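The values are calculated or read from the model by the stated rules, or taken from the named source; none is laboratory data. Values in this document were obtained by computation on a predicted structure and should not be read as measured data. When we count neighbours, we look across all protein chains shown, and the Cβ atoms used for this are built from the backbone with ideal geometry, even at glycine.
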Amino acid sequence: MSYQQQIGAARQRIATQPYWSGIDAESVARMRVQNRFRTGLDIARYTAAIMRRDMAAYDANPAAYTQSLGCWHGFIGQQTMISIKKHFGTTDRRYLYLSGWMVAALRSQFGPLPDQSMHEKTSVPALIEELYTFLRQADARELGLLFRDLDAARAAGNAIEAQRIGQAIDQHQTHVVPIIADIDAGFGNAEATYLLARKMIEAGACALQIENQVSDEKQCGHQDGKVTVPHDDFLAKVRACRYAFLELGVEDGIIVARTDSLGAGLTKQIAYSAAPGDLGDQYNSFLDCEEIDPAAVGSGDVVIARDGRLLRPRRLPSNLFQFRDGTGADRCVLDCITSLQHGADLLWIETEKPHIEQIAAMVDRIRAVVPNAKLVYNNSPSFNWTLNFRQQVYDAWAEAGRDVAGYDRARLMAADYDRTALAVEADERIRTFQKDAAARAGIFHHLITLPTYHTAALSTDTLARAYFGEAGMLGYVEGVQRREIREGIACVKHQNMSGSDIGDDHKEYFAGEAALKAGGAGNTMNQFAA
């Protein structure tokens, strides 16, 4: 319904109740417009439809890729979307990412933890709910400002301006966008995965990212010691997520199947195999084995029969089994094809460096079987982007016969290279990485997992150095507040951002002229009116 239709509907309802004379229809309409989403499931259904449309648009044109930033607090997510609307006028194709790493590092009651699924699983849906609470509040705040402008236009008798603002209210674009939420390896067995998936979807998640590591051995994708599970185990969790979506009526829900196989050299168990060439047999074919004589089988040995031979997988003291070196890419391709053929919608291949051709080589093989395969890619802060791309340019120049004698490949990160031709080309490759990878490597969604973790640390360091140093209070005023004013950062009016004006509106709705409002002449926020 339009804003005027909302007013009409509220007026009709109020007219049926003789004792509701103190309720104003337009105030009801305003509250309804400001609270468009009633539940997390409303949000999940709405945002899932957005992602499905974006996926179709990407299939038609790879230039239409999507992006997100990882956020560890509702306020951070809110400010991200406010900034996007401010600078680009629309939130189209911009999402948020909820990183399990940041939940572990910043949101656990145990304090900072490594990315090993040791944090409380309830903290994940709690953060999803928090993010959407802040995004909905951003809607309420923005619409509240429009309502105040509407009242001012009416008071001034400016009917044309009032009509324009009315149209802006009807065309308001919500800050509520899809969140791709990290469910790690499911925090337990398939039933545990299903239960957590339900909570995450009920909180508003339309896209769940799940990885093929062993849940109780889970490691950050960019650290060593990763252990994968056989495909049947992983696919059971993929199905658990799909059941959760369907049970809750989010039929367009997105499952992002992540493979860590490229950097995972271990498995906790040998896959069950019922026949040569089946999925379990393919998984086992990558194991590092030695052929043994049947008489040499010792107590506690695990052996595999293949092609008339008896093979003993290499077993570590940790009781884990080892894959053969150099099989990571092949395992990734098998993981991805299998996941897409069993219900996943998008893929995530965790890599050790941002290299388009490395990713594309695997995607080409996947798309030979599943032509519309698409990736979510982690533009990770765990990569040294400067060093990686300078080395890529160095290698490309050397291969092309260009003179690289003036560069030391091992120390290309050094600041004295910053203005060189090699560094300039590397930076250009970084700038166009997402566009180029979307076109060449099938990457539908680019995200940075931990950006706001790093920006918080950097900005705090900058402020602390100035404020506690010679600059004193000028360190804050010049480095923060004056920049907020000059750059139009809404948070300079922090009372408004925290909901003070919304509260004043409600006080007036509830108490009329008797309302004791905070936004009067004595409010120091008025100093920022200009």
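Could you tell me which of the residues GLY157, GLY144 is touching an Asp or Glu at 6+ places or on another chain (Cβ under 7 Å) and over 30 Å from LYS226 (Cβ atoms)?
None of the other options fit; the residue is GLY144.
Within region 227-236, identify whether any single residue is buried (at least 19 other Cβ atoms within 10 Å of the Cβ), in a loop (DSSP other than H, G, I, E, B) and touching a helix residue (DSSP H, G or I) at 6+ places or on another chain (Cβ under 6 Å), and answer yes or no.
Yes - at least one qualifying residue is present in region 227-236.
Let me spell it out: the conditions are (1) surrounded by 12 or more Cβ atoms within 10 Å (Cβ to Cβ); (2) assigned by TED's automatic domain parsing to the domain that holds ALA57, and GLY401 meets all of them except one. Which number is the exception?
Exception for GLY401: condition (1).
In this structure, is ALA514 under 26 Å from ASP24 (Cβ atoms) and of a type in the set (A, V, I, L, M)?
So ALA514 passes the test.
Scan region 451-471 for residues that are within 30 Å of ALA57 (Cβ to Cβ) and without any contact (Cβ under 8 Å) to a residue 40 or more places away in the chain and jot them down.
Residue satisfying the conditions is THR455 alone.
Can you tell me which residues in region 21-35 are over 12 Å from TYR509 (Cα atoms) and surrounded by 11 or more Cβ atoms within 10 Å (Cβ to Cβ)?
Within region 21-35, ARG32, VAL33, GLN34, ASN35 meet the criteria.
Residues that are outside the structural domain of SER99 (by TED's automatic domain parsing): find the helices (runs of 4 or more DSSP H) completely inside region 416-530 holding 2 or more of those.
Hits in region 416-530: 451-467, 473-476, 482-487, 494-497, 500-511.
Search region 383-392 for residues being farther than 13 Å from PHE433 by Cα and surrounded by 16 or more Cβ atoms within 10 Å (Cβ to Cβ), and hand back the single one that is nearest to the chain's Cα centre (by Cα).
PHE383
Tell me, which strands (runs of 3 or more DSSP E) lie completely within region 273-392 with 1 or more residues that are closer than 20 Å to TYR65 by Cα and at pLDDT 95 or above?
Strands (runs of 3 or more DSSP E) meeting the threshold: 346-349, 375-378.
Do we find that GLN4 is free of Cβ contacts under 8 Å to residues at least 12 places away in the same chain, loosely packed, with under 14 Cβ neighbours inside 10 Å and not basic (Lys, Arg) in this structure?
Spelling it out, it is not the case that GLN4 is free of Cβ contacts under 8 Å to residues at least 12 places away in the same chain, loosely packed, with under 14 Cβ neighbours inside 10 Å and not basic (Lys, Arg).
May I ask you to list the residues in region 186-223 that are at pLDDT 95 or above, surrounded by 24 or more Cβ atoms within 10 Å (Cβ to Cβ) and under 17 Å from LYS268 (Cα atoms)?
Residues satisfying the conditions are GLY186, GLU211, ASN212.
Which one is surrounded by the fewest Cβ atoms within 10 Å (Cβ to Cβ) among residues in region 149-181 that are under 30 Å from ARG52 (Cβ atoms) and without any contact (Cβ under 8 Å) to a residue 24 or more places away in the chain?
GLN171
Going by the conditions given, is LEU248 in the same structural domain as THR193 (by TED's automatic domain parsing) and more than 30 Å from ARG306 (Cβ to Cβ)?
So LEU248 fits the description; yes.
Give me the pairs: first residue in region 49-78 and in contact (Cβ under 8 Å) with a residue 60 or more places away in the chain, second residue small (Gly, Ala, Ser) and not in a helix (DSSP H, G or I), beta-carbon distance under 8 Å, and six or more apart or on different chains, which are they?
Taking only residues 6 or more apart or on different chains, the pairs are MET51/ALA207; ASP54/ALA64; TYR58/ALA64; PRO62/GLY442; GLY70/SER99; TRP72/SER99.
Please enumerate the residues belonging to region 252-291 that are among the charged types (D, E, K, R) and touching a residue at least 40 places away in the same chain (Cβ under 8 Å).
ASP252, ARG258, ASP260, LYS268
Taking interchain pairs and intrachain pairs at least six residues apart, which have beta carbon atoms under 9 angstrom, with the first residue in region 301-321 and over 20 Å from VAL227 (Cβ atoms) and the second in a loop (DSSP other than H, G, I, E, B) and among the acidic types (Asp, Glu)?
That search, which allows pairs on different chains as well, returns LEU310/ASP293.
One line per residue, one yes/no per condition, for (1) among the hydrophobic types (A, V, I, L, M, F, W, C); (2) free of Cβ contacts under 8 Å to residues at least 40 places away in the same chain:
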{"residue": "HIS445", "(1), (2)": "no, no"}
{"residue": "THR449", "(1), (2)": "no, no"}
{"residue": "MET473", "(1), (2)": "yes, yes"}
{"residue": "VAL480", "(1), (2)": "yes, yes"}
{"residue": "ILE485", "(1), (2)": "yes, no"}
{"residue": "LYS493", "(1), (2)": "no, yes"}
{"residue": "GLY519", "(1), (2)": "no, yes"}
{"residue": "THR524", "(1), (2)": "no, yes"}
{"residue": "GLN527", "(1), (2)": "no, yes"}
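Scan region 356-370 and tell me whether some residue there is surrounded by fewer than 16 Cβ atoms within 10 Å (Cβ to Cβ), acidic (Asp, Glu) and not assigned by TED's automatic domain parsing to the domain that holds GLN67.
Within region 356-370, not a single residue is surrounded by fewer than 16 Cβ atoms within 10 Å (Cβ to Cβ), acidic (Asp, Glu) and not assigned by TED's automatic domain parsing to the domain that holds GLN67.
Taking region 98-116 on its own, how many of its residues are part of a loop (DSSP other than H, G, I, E, B) and either outside the structural domain of ILE183 (by TED's automatic domain parsing) or under 15 Å from LEU69 (Cβ atoms) (or both)?
Of the residues in region 98-116, 1 are part of a loop (DSSP other than H, G, I, E, B) and either outside the structural domain of ILE183 (by TED's automatic domain parsing) or under 15 Å from LEU69 (Cβ atoms) (or both).
Surrounded by fewer than 23 Cβ atoms within 10 Å (Cβ to Cβ) and either under 21 Å from the mean Cα position of the chain (by Cα) or not aliphatic (A, V, I, L, M) (or both): is that true of ASP260 in this structure?
No.
Report yes if GLU26 is in contact (Cβ under 8 Å) with a residue 12 or more places away in the chain, acidic (Asp, Glu) and in a loop (DSSP other than H, G, I, E, B), otherwise no.
It is false that GLU26 is in contact (Cβ under 8 Å) with a residue 12 or more places away in the chain, acidic (Asp, Glu) and in a loop (DSSP other than H, G, I, E, B).
From the list VAL256, VAL302, pick out the single residue that is of a type in the set (Val, Ile, Thr) and within 30 Å of ARG52 (Cα to Cα).
Step by step, each of VAL256, VAL302 is checked, and only VAL256 is of a type in the set (Val, Ile, Thr) and within 30 Å of ARG52 (Cα to Cα).
Filter region 486-506 down to the residues that are surrounded by 17 or more Cβ atoms within 10 Å (Cβ to Cβ), over 16 Å from ASN526 (Cβ atoms) and among the charged types (D, E, K, R) and list them by number.
Across region 486-506, the qualifying residue is only ASP505.
List the pairs whose first member sits in region 120-137 and is among the small types (Gly, Ala, Ser), whose second member is at pLDDT 95 or above and in a helix (DSSP H, G or I), and whose Cβ atoms are under 6 Å apart, counting only residues at least 6 apart or on separate chains?
If the second residue must be at pLDDT 95 or above and in a helix (DSSP H, G or I), the pairs left are SER123/VAL103.
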